[in-house]
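A quick write-up on the structure given underneath.
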Amino acid sequence: MMVATMSTSIGSASALRAPSSNKRAGRSPRALVCRAQKQDGQARRSVRSAAATMEAPVGEEEGFQNVWRASYEADNESPELTKNWKKTMKVAVTGAAGQISNHLLFMLASGEVFGRDQPIQLQLLGSERSRVALEGVAMELEDSLYPLLREVQLGIDPRQVFADADWALLIGAKPRGPGMERKDLLDINGQIFQEQAQALNEVASRDCKMLVVGNPCNTNALIGMANAPDLPKRNWHALTRLDENRAKCQLALKAGKFYTSVTNCAIWGNHSTTQVPDFVNAKIGGKRVPAVIKDTAWLKEEFTPKVANRGGALIKKWGRSSAASTAVSVADHLRSLYTPTPMNDCFSTAVSTEGNPYGIDEDLVFSMPCRSTGDGDYEVIDDFVIDDWLAAKIKESEAELQKERDCVGHLIPGATRAVCMITEDTMLPGEN
Ligand SMILES: NC(=O)c1ccc[n+]([C@@H]2O[C@H](COP(=O)([O-])OP(=O)(O)OC[C@H]3O[C@@H](n4cnc5c(N)ncnc54)[C@H](O)[C@@H]3O)[C@@H](O)[C@H]2O)c1
């Protein structure tokens, strides 16, 4: 039972206090701790529920300006529920007041992503513009009464919000504004990821894993890994699972099968219109796709662009970019890392190409077929067949990523090249 409602409004005058009788009355409440502080030494307030207040007075913690925390303390009421729970996982999410997060946060808190035995603490990063909206998000999380959600922190400073994070889901990024060229967007969002990576390098768990969703996600992840030298490069991912899911759906529709029969379906390359959905190695009902869908022209000329342009087609219909299916694909991505990959299957994730078995430039973040033993880590599968068609397509996506890398050389420590050759105004997924 919750004993206090939380007001996270910045500067709200009334401090909420739970009835002090709750603990003594033996109700063992799920105690709510709420702190709201105003920045720059202005008036601050700290609120605690009775259960917590009786144990210790609230102090003002250094470095917690701009951070609002709602902490659900274990109430010891149901030891049966919690006795097999794992250690709380700290999951930082950026762009937490945005569309994708609005779906994803609730999936994370419910346990359907990391498991019903995995309590989590959400550390939510917003931008200056979205800070009030973020408080609304926290209110909805609170009202959802998720037992596994142990704590929520809100803030706009990555150095505070990323503290000890086990996972950082980096969703927040700026959309392209009117008249903005693609190279400008690479620069603007690249700066966000440079700053956030530096913060992760300083304060996150040394095993922290990062998933970049904000576009252009491959290059943002490349900037991230270069600016976080103390975190393992292989822990950086960029999301291409949505593209994989879209490819599976189209193959299943064409074959007249249910999508669960589509396996081994990889996306190669950039999360952009040069991405390569791999029908050469994909299977339907255990058979190679070209043996099931014999229409090669469809596979090459319709399927491939349809998957690559799906985001844009969706915007035309709906007026905004995919959010729910993106959140689902983030959940799929995370689950794939914590579930052993079945034999003869794979999942797609864009990761460092260092040491890759396909001869791809070793200094990129490139989507490739991977498998996991279920421990959160992955390996790149090394025996995919690369025919001439696939090889040529992979080269195109590689060339695009090389150009993107050159455009953001100024954000990559030690980069040897920082000349932007992207003159054409190509689109990011979802923009067209
Ligand atoms: N990789 C993929 O498959 C995929 C799919 C869909 C969307 N995306 C990308 O995901 C990103 C987010 O999409 P959305 O629909 O949620 O957008 P959105 O505009 O609804 O939300 C983005 C949020 O991020 C916040 N933000 C901006 N800069 C920030 C910063 N520096 N720190 C923290 N927060 C910041 C904004 O205030 C906003 O609340 C976009 O870049 C989009 O292109 C990627």
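The values are calculated or read from the model by the stated rules, or taken from the named source; none is laboratory data. None of the values given here were measured: they were computed from a predicted structure. Don't worry about glycine lacking a Cβ; one is built from the backbone with ideal geometry, like all the others, and counts go over all protein chains shown. Note: accessible area is taken over every heavy atom of the protein model, side chains too, but ligands, DNA and RNA are not part of it. Shrake-Rupley method; radii C 1.70, N 1.55, O 1.52, S 1.80 Å.
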Considering segment 119-159, residues that are among the charged types (D, E, K, R) and not in a helix (DSSP H, G or I), and then whichever is nearest to A96 (Cα to Cα), we arrive at D157
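Return the only residue of A291, A324 being in contact (Cβ under 8 Å) with a residue 40 or more places away in the chain, among the small types (G, A, S) and open to solvent by 20 Å² or more (accessible area, probe 1.4 Å). Explain how you work it out, then say what you get.
Details: A291 fails: in contact (Cβ under 8 Å) with a residue 40 or more places away in the chain.
Going through A291, A324 in turn, just one is in contact (Cβ under 8 Å) with a residue 40 or more places away in the chain, among the small types (G, A, S) and open to solvent by 20 Å² or more (accessible area, probe 1.4 Å): A324.
Might you check whether a residue that is under 25 Å from L186 (Cβ atoms) and either touching a residue at least 40 places away in the same chain (Cβ under 8 Å) or open to solvent by less than 40 Å² (accessible area, probe 1.4 Å) (or both) occurs anywhere in segment 296-304? Lay out the reasoning, then the answer.
Initially, segment 296-304 is screened for residues under 25 Å from L186 (Cβ atoms), giving 304.
Imposing the further condition that a residue be either touching a residue at least 40 places away in the same chain (Cβ under 8 Å) or open to solvent by less than 40 Å² (accessible area, probe 1.4 Å) (or both) reduces the set to 304.
Yes, that holds for at least one residue.
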Residues in segment 87-118 that are part of a strand (DSSP E or B) and either surrounded by fewer than 17 Cβ atoms within 10 Å (Cβ to Cβ) or within 8 Å of the ligand (Cβ to nearest atom) (or both) total 1
L145 meets each of (1) open to solvent by less than 40 Å² (accessible area, probe 1.4 Å); (2) more than 22 Å from A199 (Cβ to Cβ) with one exception, condition (1)
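Filter segment 242-277 down to the residues that are part of a helix (DSSP H, G or I) and without any contact (Cβ under 8 Å) to a residue 40 or more places away in the chain, then identify the one that is least open to solvent (accessible area, probe 1.4 Å).
First, pick out the residues of segment 242-277 that are part of a helix (DSSP H, G or I): 242-255, 259-261.
Remaining after also requiring without any contact (Cβ under 8 Å) to a residue 40 or more places away in the chain: 248-249, 252-253, 255, 259-261.
On the way: K248: 35, C249: 47, A252: 4, L253: 121, A255: 30, Y259: 126, T260: 98, S261: 30 Å².
Looking at residues that are part of a helix (DSSP H, G or I) and without any contact (Cβ under 8 Å) to a residue 40 or more places away in the chain, I get A252.
From G285, G312, which residue is out of contact with any strand residue (DSSP E or B) (no Cβ under 7 Å at 6 or more places or on another chain) and open to solvent by 40 Å² or more (accessible area, probe 1.4 Å)?
On the way: G312 fails: open to solvent by 40 Å² or more (accessible area, probe 1.4 Å).
Exactly one of G285, G312 is out of contact with any strand residue (DSSP E or B) (no Cβ under 7 Å at 6 or more places or on another chain) and open to solvent by 40 Å² or more (accessible area, probe 1.4 Å), namely G285.
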Query raised in the report: Does I315 satisfy the condition of being of a type in the set (A, V, I, L, M, F, W, C) and out of contact with any helix residue (DSSP H, G or I) (no Cβ under 9 Å at 6 or more places or on another chain)?
Result: yes
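Would you check if there is a residue in segment 231-241 being over 24 Å from the mean Cα position of the chain (by Cα), more than 13 Å from the ligand (Cβ to nearest atom) and not β-branched (V, I, T)? I'd like the intermediate steps shown before the answer.
So in segment 231-241, the residues over 24 Å from the mean Cα position of the chain (by Cα) come out as none.
No: zero hits.
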Note on segment 160-190: residues under 18 Å from the mean Cα position of the chain (by Cα) and part of a helix (DSSP H, G or I) are V161, N189, G190
Counting only residues that are under 16 Å from S329 (Cα atoms) and β-branched (V, I, T), segment 218-257 contains a total of 1
Taking segment 129-165 and the residues there that are touching a strand residue (DSSP E or B) at 6+ places or on another chain (Cβ under 9 Å), among the charged types (D, E, K, R) and more than 14 Å from the ligand (Cβ to nearest atom), the one that is farthest from R116 (Cα to Cα) would be D164
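Hey, can you tell me all the residues within segment 166-210 that are β-branched (V, I, T), within 15 Å of the ligand (Cβ to nearest atom) and open to solvent by less than 50 Å² (accessible area, probe 1.4 Å)? Explain how you work it out, then say what you get.
Initial filter on segment 166-210 (β-branched (V, I, T)): 171, 188, 192, 203.
In the following step, the residues that additionally are within 15 Å of the ligand (Cβ to nearest atom) were identified as 171, 188, 192.
Scanning segment 166-210 gives I171, I192.
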Original post:
Do we find that N215 is under 17 Å from L170 (Cβ atoms), polar (S, T, N, Q) and away from the ligand (no atom under 16 Å from the Cβ) in this structure?
Top reply: no
